[in-house]
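The values are calculated or read from the model by the stated rules, or taken from the named source; none is laboratory data. Every value quoted in this text rests on a predicted model; they were computed, and no experiment measured them. As a convention, Cβ positions derive from the backbone with ideal geometry for all residues, glycine included, and neighbour counts pool all protein chains shown. For accessibility, only protein heavy atoms count, side chains too; no ligands or nucleic acids. Shrake-Rupley method; radii C 1.70, N 1.55, O 1.52, S 1.80 Å.
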Amino acid sequence: MNQVLFYCRQGFENECAGEVQDKANALELFGFPRAKKNSGYVIFEFYQADDALKFTQVQPFSSLIFARQMILVTAQLSDLPSDDRISPILEMTEGLPKCGDLRVETPDTNEAKELLKFCRKFTVPLRQALRKQGIMLAKDSPRKPALHLCFTAPGCCFIGYSMPNNNSAFFMGIPRLRFPSDAPSRSTLKLEEALHVFVPQEEWDERLAPGMWGVDLGACPGGWTYQLVKRSMFVHAVDNGMMAQSLMDTGQVKHHQADGFKFEPPRKNVTWLICDMVEKPARVAHLMGQWLVKAWAKEALFNLKLPMKGRYDEVLQDIENLKLFLIKNGVKFKLQAKHLYHDREEITVHIQCLDNRSPH
């Protein structure tokens, strides 16, 4: 087979397909997407032999916005017998690279969720059989490819693998997070997920350190502020609305009842700028760019709300304009954007400044 499977949010198959098409064309690895509305996944079929493998090797997964996972498809099975599903799967996994992980998954749709119970039960006996066959290592290893079975219906699945260091580390491409009972709003999970996706765990002690200052534009009631406070940071919370009293009682939050587009930090010692304002995405992106050009913050994490139509085009335009603005003003940066699990009609963007310029 010469296909790559991408998980995405249900209803965003066209955006995912359009993005993969653009990336494949840019790499001169040509093919076409198969996208079924509300299926939660996209298949991209390449014309030339081995181009699917090349794509998964050279296309950075981290630069894909709408894809939650990228899997090189090696087989597709249908009508697996209910009395012995393992034998046909083992036949189709011969010749695969030795894998260090097994993920028996489904697309993230309401219909496919019914299959998850089966997937969890099936994982243990299948893993044992794969290890016995020598297809999987005796112990899990993140340094080896991950073997994926994606069940789209009972008895129907794609088989494939994802590359170590060029995939999502999470089952189904979704970090499993619990809503903290003392958080002011569920939006807190958006920022927590973003930190897991954009900041490597081994860098948390340095980049999310106690005592740092953050600014939260559009903070009310404090879902995003909560994430910084629980990491022992101090926060300028900017919003005309009221903040949760539990956050104010910590003594770590200064509430500024002001317009987020006009606020200037009283001291230029801000590490994190975070923003979840409901505003036009182009306007928010430009505001983030202004803060970074003025060196008022070292890292920015923000949401861009998507329009009803032309969502992918809007994302491309806003991010490209932001990049050009930063480059024009001499800012060295690393930018990532992702349509996270806890996002809805929005994407989350992270920018890390790579130079140490003085604020102005």
*What nm distance separates the two modelled labels at Asp50 and Met308, each placed 7 Å from Cα along Cα→Cβ?*
4.9 nm
*Report the residue, chosen from Leu147, Leu126, Leu292, that carries the largest GNM mean-square fluctuation when the chain is represented by alpha-carbon nodes joined by springs under 10 Å.*
Leu126
_Quick check: at a probe of 1.4 Å, how many percent of the accessible area of the range 209-360 sits on carbon and sulfur atoms?_
52 percent
*What pairs in Lys36/Lys309; Lys54/Lys332; Lys254/Lys280 have C-alpha atoms more than 20 Å from each other?*
Lys54/Lys332; Lys254/Lys280
*Gain in length, Asn38 to Glu206, computed as 0.36 nm per residue apart minus the alpha-carbon separation, to one decimal in nm?*
56.5 nm
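From the C-alpha coordinates alone, can you work out the Kirkwood hydrodynamic radius of the range 195-256, in Å? Don't skip to the end; give the middle numbers.
On the way: mean 1/r = 0.0844 Å⁻¹.
Averaging 1/r across every pair of different Cα atoms and inverting gives 11.8 Å.
Quick one: putting +1 on the C-beta of Lys and Arg, -1 on the C-beta of Asp and Glu, what dipole do you get for the range 172-282 around its Cα centre, in Debye to the nearest 20?
80 debye
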*Can you tell me how much longer the chain between Ile86 and Arg178 gets when fully stretched, taken as 0.36 nm per residue apart minus their C-alpha distance, in nm with one decimal?*
29.8 nm
*With axes computed from alpha carbons, what is the tilt in degrees of helix 13-26 against the longest principal axis of the chain, rounded to the nearest 10 within 0 to 90?*
90 degrees
_Defining a contact as two alpha carbons under 8 Å apart and six or more residues distant in sequence, what relative contact order in percent does the chain show?_
13 percent
*Roughly speaking, what is the stretch gain from Gln245 to Ser62, that is 0.36 nm per residue apart minus the C-alpha to C-alpha distance, in nm to one decimal?*
62.1 nm
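How large, in percent, is the carbon and sulfur part of the accessible surface of the range 1-100 at a probe radius of 1.4 Å?
About 45 percent, which is the carbon plus sulfur part of the accessible surface.
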*Unit Cα scatterers, Debye sum, the range 185-328: log10 I(q)/I(0) for q = 0.11, 0.18, 0.20, 0.21 Å⁻¹*: -0.40, -1.09, -1.32, -1.42
*Hey, rough spin-label estimate for Lys139 and Ser185, points 7 angstrom out along Cα→Cβ, what's it come to in nanometres?*
4.5 nm
*In the range 138-212, which chymotrypsin sites (Phe, Trp or Tyr not before Pro) are in a loop and have at most 16 other Cβ atoms within 10 Å, using DSSP for the loop call?*
Phe170
*Rg and Dmax of the range 1-134 over Cα atoms: what are they, in angstrom?*
15.7, 46
*GNM top mover of Met70, Met242, Met163 - the chain, alpha-carbon springs below 10 Å*: Met242
_Those GluC sites (Glu not before Pro) in the range 91-130 that DSSP places in a loop and that have at most 13 other beta carbons within 10 Å_ = Glu94
*Apply 1/(1 + (r/R0)^6) to the Cβ-Cβ distance of His360 and Gln317, taking R0 = 25 Å, and write down the FRET efficiency to the nearest 0.05.*
0.35
_Can you give me the long-range amide H partners of Glu279? Hydrogens built in the peptide plane at 1.01 Å from N, cutoff under 5 Å, separation of 5 or more residues or another chain._
Lys305
*Counting only heavy atoms of protein chains, what accessible area per residue, in Å², does the chain have with a probe of 1.4 Å?*
47 Å²
*Neighbour cut-off at most 12 other Cβ (10 Å), DSSP loop, chymotrypsin sites (Phe, Trp or Tyr not before Pro), the range 43-145*: Tyr47
_Dipole axis of the chain (+1 Lys, Arg; -1 Asp, Glu on Cβ), positive-most option in Met243, Phe55, Phe171_ = Met243
*Mind checking the angle between helix 281-293 and the chain's longest principal axis? C-alpha axes, 0 to 90 degrees, to the nearest 10.*
60 degrees
